[in-house]
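*Asks:* Starting off with a structure, shown below.
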Amino acid sequence: MAEKQKNESFQVLRDGFAKARFGGTISGCPLPGTDTPFSFASAEGEENGGLNPEEYVGRIFRILSATVTPYRFFDFRQPGVLKAAVPLFEKLTLYANHSIDVTRWKGFTQGPLWDDQNDPQGINCLLAVDKIIDPSLARGVETGALRACSVTIWFEFEKSHPNLDYYWSRLGEVVDGEVVRLIVTKITNAGEVSIVWEGEDPYAKALEAGASGAPDHNNTEEEKDMKLTAATMALLGIAAGTELSAELLEGKINETVTGLKTKIAGLEPEAQLGKQLLEETRTRAETLYKVLKGEGALERFITGVIRTADLATARALCEEYEQAVESKVPLACPKCGEKLKRQSSRPAPEGHAAGGKRAADYKL
């Protein structure tokens, strides 16, 4: 993962500042690893949040939790960070699947508050789904068929190991007794909340390894069965039906990565030659263009088109400009007037091979 990592759910906007989506769960769902469901009454203490039940379905959701997210390793446990952000979630627009459009709104948020009654603590909020706008979505939330949400936030963060090399690719590793993670220090803004079929679980069990918060990789009782798609197994060279293990998977990944690195190393010389050829072709196209246009040459065309052209385009430009220049300013011998051909390289003298050698030099 590059330092300027960017995708649909996570985007680093500048050093130490990012935009990302995080998942939440509806009240009544059990916390992972326990038999105790997360439970919280309406923010107003009234059924359906005090909303007209003929128009709205109102349900309490946990928006964000003071824990470490299990897949991307964002740490929301800094004291006061989540609690200070509670007001940001008041009256946000509700959407479905992050389809953000003024014509696709589904409802709104209401009454966000700090929840210190459940473990982990976090931000709860009532999501009000408009039955008239989307009766199907409202029915899904009302019956519990839809019970996950996802929120977009902007936030400041710090790296848990600032001097660690290859940081982004090592998130989740344990280094010096602590899990490599991104520590959220301030939530600056909240965008929208969406009902989704399944979001990233914010209730993931706190990372265990004493006070460090590092995951316990030796806890085999909580290990899940390893599953890969058929396409992924084929890509790694694992036969269908093979019983997977951590050792097998690690070996196949190392084998695949090593093979790719070898191929890349073998292609580097050709890539350099190709790059050199491209630059030479662009330079020739630029020279011909300037000769053809004279004072009328446009610098913005040179920088925006010629210097950014791919090889095929650069060659086409050369061919076009060569024909135009030849027609406009034909090249001729100053002594005899014989027409000459413009070339980007000088041919070897007759009877000589490239490099200054004569054909006779190669006879036995």
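The values are calculated or read from the model by the stated rules, or taken from the named source; none is laboratory data. Note that the structure is a prediction, hence the values are computed from the model and not measured. As a convention, Cβ positions derive from the backbone with ideal geometry for all residues, glycine included, and neighbour counts pool all protein chains shown.
*Asks:* Of all residues in region 62-98, count the ones that are of a type in the set (Ser, Thr, Tyr), touching a strand residue (DSSP E or B) at 6+ places or on another chain (Cβ under 7 Å) and either surrounded by fewer than 19 Cβ atoms within 10 Å (Cβ to Cβ) or not in a strand (DSSP E or B) (or both).
*Replies:* Selection size over region 62-98: 2.
*Asks:* Looking only at residues that are in a loop (DSSP other than H, G, I, E, B) and under 31 Å from the mean Cα position of the chain (by Cα) in region 120-133, which one is nearest to GLY49 (Cα to Cα)?
*Replies:* Across region 120-133, the extreme among qualifying residues is GLN121.
*Asks:* Yes or no: region 177-189 includes at least one residue that is at pLDDT 90 or above and more than 23 Å from SER65 (Cβ to Cβ).
*Replies:* Yes - at least one qualifying residue is present in region 177-189.
*Asks:* Name, by its number, the condition in (1) acidic (Asp, Glu); (2) modelled with pLDDT of 95 or more; (3) surrounded by 17 or more Cβ atoms within 10 Å (Cβ to Cβ) that does not hold for GLU156.
*Replies:* The failed condition is (3).
*Asks:* Going through region 63-103 one residue at a time, which ones are among the basic types (Lys, Arg) and more than 25 Å from the chain's Cα centre (by Cα)?
*Replies:* Within region 63-103, LYS83, LYS91 meet the criteria.
*Asks:* What are the pairs with Cβ atoms under 8 angstrom where one residue, in region 301-314, is surrounded by 15 or more Cβ atoms within 10 Å (Cβ to Cβ) and the other, located anywhere, is polar (S, T, N, Q)? Sequence gap at least six, or different chains.
*Replies:* Cβ pairs passing all conditions: ALA314/THR281.
*Asks:* Being touching a residue at least 24 places away in the same chain (Cβ under 8 Å) and surrounded by 14 or more Cβ atoms within 10 Å (Cβ to Cβ), is that true of even one residue in region 246-260?
*Replies:* Scanning region 246-260 turns up no residue that is touching a residue at least 24 places away in the same chain (Cβ under 8 Å) and surrounded by 14 or more Cβ atoms within 10 Å (Cβ to Cβ).
*Asks:* Let me ask something else about it. So which residues in region 114-136 are of a type in the set (A, V, I, L, M) and surrounded by fewer than 21 Cβ atoms within 10 Å (Cβ to Cβ)?
*Replies:* ILE132, ILE133
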